[in-house]
Amino acid sequence: MAKRVHQPREDAEFDFILRMSDVPVLAYFTGAWPKAIEPCRTMDPVVAGLAEACAGRLTAVRTDITRCPAATGRYEVTGAPSYVLLKDGEAVARAEGLVSDTALRELVEPHL
């Protein structure tokens, strides 16, 4: 992942990033179980590219479901990869699974 994508190690770090961001946050939820690994790896460069393209207007956070269970539950994430766009801590848009670069941009652009 590009340096523009934060990778919290626990819920407290996720919450800190969320509180400190003055722009919308794209929480990109990933998983390490066999059926999630390849789709998440496929989406890593897509999310990194979006983070780069929207630098200064979007904070991207790659969130491991098992390391951040409270955030996963709070935003009702049931699978990986999942994307939850947060504005002031509230979910304003979401998607799940493999999505195109264009679809991910269309998800976040109206909220930036």
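Extension gain for Thr78-Thr66 works out to 3.1 nm (0.36 nm per residue, less the C-alpha to C-alpha distance).
Quick one: net charge around Asp101, please, counting Lys, Arg +1 and Asp, Glu -1 for every other residue with C-beta under 14 Å from its C-beta. Summing Lys/Arg as +1 and Asp/Glu as -1 gives -3.
Mind running the shape call on region 25-75? Use the C-alpha gyration tensor, a ≥ b ≥ c as the square roots of the eigenvalues: rounded below 1.5 for a/c, prolate if a/b tops b/c, oblate otherwise. Oblate, because a/c is 1.5 or more while a/b does not exceed b/c. Applying a DSSP loop filter and a limit of 16 other Cβ atoms within 10 Å to the GluC sites (Glu not before Pro) in region 57-112 leaves Glu76. Taking amide H atoms as placed 1.01 Å from N in the peptide plane, the amide H of Ala60 lies under 5 Å from those of His6, Leu26, each 5 or more residues away in sequence or on another chain. Placing dummy labels 7 Å off each Cα toward the beta-carbon, the span from Ala103 to Arg57 is 2.2 nm. Computed extension length for Leu112-Glu38: 23.7 nm, one decimal, from 0.36 nm per residue of separation with the Cα-Cα distance subtracted. Ordered by 1.4 Å accessible area with all protein chains kept, His111, His6 run largest first as His6, His111.
The values are calculated or read from the model by the stated rules, or taken from the named source; none is laboratory data. This one's a predicted model, so the numbers in the text were calculated from it and none came from an experiment. Every residue, glycine among them, receives a Cβ derived from its backbone with ideal geometry; neighbour counts consider all protein chains shown. In case anyone asks, the SASA skips ligands and DNA or RNA and just uses the protein heavy atoms, side chains included. Shrake-Rupley method; radii C 1.70, N 1.55, O 1.52, S 1.80 Å.
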